[in-house]
Amino acid sequence: MFAFKNVLYFQAGLGVLANMFLLCFYIFILIGHRPKPMDLISCQLSFIHMMMFLTGGDLLLTDIFASLNIDNDFKCKATFYISRVTRGLSICTTCLLSVFQAVTISPNTSVLANFKQKLKKYMIYVFLCIWSFNLSYSSNRIFYVRGFTNVSETNQMQVTESCSLFRMNYIIRVFIFTVTTSRDVFLVGVMLITSTYMVIILCRHQKQCKHLHSISHLRASPEKRATQAILLLVIFFVVMYWVDFVISTISVLLWMYDPVILRVQKFVMYAFPTISPLVQISSDNRIIIMLKNMHSKHHQRFF
């Protein structure tokens, strides 16, 4: 158990560092250079994932609340609310990233080509809608989260060492479950559709390039590298999300959260925010060039 807890801390540390590096890089690009529309989405996704670790991974808020002697109920409500908000923002932003990449690589003769300029124009409004929905929708959960008490009550379920989830009214529970599931199924469905579309576009493009260019030219294409990275992220996200969803649903239905299951769920939940920045870093040619230049300058100074 102690060894697995260390794995979680290592995962959180790696995730925070990778997302912080990616966030700083995209902020630098957005401020000082000509950013791509995709950079704004990736920047937001890095920020969301970093907040997921710092608030939900018992790294930041727990220590701050402990030092300020803040009430345990408030601590539980704040951490649970931020955790729910960032989780919703993560799936929405990942879906937006997949849709935008599918539109970007679509041929000029396709129907999606008409949305290329519209997506860039209304990107800020899409962000506002995503944030507004998740901030408001997740607010209902704070009424059912409190500090854990040692008193044995059948209507409370311990979800962390110091926090408990209390039973909701049946109608409210069904409503929240239906809305959440419908939202997530819709977004995952959109991601799978756009991923399938991107695979078809890539296969078609590869066949054309076999007749016109060499395979090496195709492999060097930045668009293909970015598309492959997003496809990998989407597939990994969908798998991890549904594993997390199954664990959460079974635990709520059985009204029981075993400590081992809770730690496994944490590992699954933070797997995507850990892998995502690493895949983005390895697939972004600008980051690779920047790291090579930094390494060469450091090498010259050393020798």
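Tabulated results
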| quantity | calculated |
| --- | --- |
| Length released on extending from residue 117 to residue 246, taking residue separation times 0.36 nm less the Cα-Cα span | 42.6 nm |
| Theoretical gain in end-to-end length, residue 179 to residue 5 [0.36 nm per residue, Cα-Cα removed] | 59.3 nm |
| Sites residue 199 and residue 21 - FRET efficiency at Förster radius 41 Å, r taken between beta-carbons, to 0.05 | 0.90 |
| Out-of-range pairs (alpha-carbon distance over 18 Å; input 5/266; 5/75; 36/116; 224/297) | 5/75; 224/297 |
| Fully extended contour minus Cα-Cα distance, from residue 288 to residue 124, at 0.36 nm per residue | 56.2 nm |
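Readers should treat all values here as calculations from the given coordinates under stated rules, not as data from a laboratory. Being a predicted model, the structure only gives us computed values, none of them experimental. A quick note on method: Cβ atoms are made from the backbone with ideal geometry, for glycine too, and the neighbour counts reach across all protein chains shown.
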